[in-house]
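Novice: One structure, as structure tokens, below. Some questions next.
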């Protein structure tokens, strides 16, 4: 048996070190720890092999490699401004902002190069198309409807890119100075028209109330006349019945009574210190007294 020489010992240690280094390197390359906020796209010989989710993952060292590390956090595109023309030919400038996140990174990295620019271009086209179908008043009053339409259409387009649009916002709708001045003039004219309409309605209502009051007063007067007429008719019927029963004496009594009442009213008027009575009046007192005694 040949003795072990120093060169043999050194050679054996080198092999062991190489094997140990290979094992350590294999473990280092084969074990992948993915953060919660990311997904890793793994390729093998240039082709998609797998998508690694959060946690500890294992790949084949030297064959597989992590080609892309994609964040799945929600992102916000920079605020962009698009020029658009409404259905009533008004030029507006719309400031929009889009929030999205990557849900399928294998589509995002292999189907689109610049995802932010692609989404911004898509939003601009959708905004121009939708505003072109709406009048200016509708754009300003139905902003929520416009936002919903933009979000739904963008979501349909970016679905092939592995993107989820979480929110879209219209930050402002700007007009040029000429349009602003025209709208202000129109607003002032509309306010003046409403004031005139309200004033006319007020006058109309006042006339209606006055007419109702006059009608009510006439109805009350007619009612009073009717009540008086009914009372007089009743009195006349009573007198007629008395005359029918008692004859001429009852009629003379009523006449005498009326004369007495008339003289009483004269006595209560101005110059009541001295009252001149005609002979017929004195006779009326006598006749009334006689009839009363009967």
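Novice: Provide the packing ranking of 204-211, 46-53, 127-134, i.e. peptides ordered by the mean count of other C-beta atoms within 10 Å per residue, highest first.
Specialist: Per-residue mean Cβ counts within 10 Å order the peptides as 127-134, 46-53, 204-211.
Novice: As a test of understanding, state the convex hull volume per residue of region 6-71 from its alpha carbons, in Å³.
Specialist: Dividing the Cα hull volume of region 6-71 by its residues yields 82 Å³.
Novice: Run the Debye formula on the Cα coordinates of region 1-138, all scatterers equal and no solvent, and tell me log10 I(q)/I(0) at q = 0.14, 0.15 1/Å.
Specialist: At q = 0.14, 0.15 Å⁻¹ the computed log10 ratios are -0.81, -0.86.
Novice: If you build the convex hull over the alpha carbons only and average its shadow over all orientations, what do you get for region 173-233? Give it in nm² to one decimal.
Specialist: Mean orientational projected area (region 173-233, Cα hull): 5.6 nm².
Novice: If you build the Cα gyration tensor of region 43-97 and take the root of 5 times each eigenvalue, what three semi-axes come out, in whole angstrom, biggest first?
Specialist: 47, 13, 8
Novice: Run the quick spin-label model on residue 152 and residue 231: label points 7 Å from Cα toward the beta carbon, then report their separation in nm to one decimal.
Specialist: 7.8 nm
Novice: Could I ask something else about it? For the modelled label position 7 Å from the Cα of residue 81 along Cα-to-Cβ, which residues of region 170-212 have backbone nitrogen atoms closer than 19 Å?
Specialist: 170-181
Novice: If you don't mind, there's one more thing I want to ask. Rg/Rh for region 75-175: what does it come to with C-alpha atoms and Rh from Kirkwood?
Specialist: 1.00
Novice: For region 67-106, list log₁₀ I(q)/I(0) at each q in 0.17, 0.28, 0.29 Å⁻¹, using the Debye formula over Cα point scatterers of equal strength and ignoring solvent, two decimals each.
Specialist: Rounded to two decimals, the profile gives -0.62, -0.93, -0.96.
Novice: Which value in nm describes the separation of the simple spin-label points at residue 210 and residue 99, placed 7 Å from the Cα toward the beta carbon?
Specialist: The two pseudo-label positions are separated by 6.3 nm.
Here, each number is a calculation from the coordinates, and none is a lab measurement. As the structure is a computational prediction, the values presented were derived from the model and not from experiment. Using ideal geometry, Cβ is built from the backbone for each residue, glycine included, and neighbour counts are taken over all protein chains shown.
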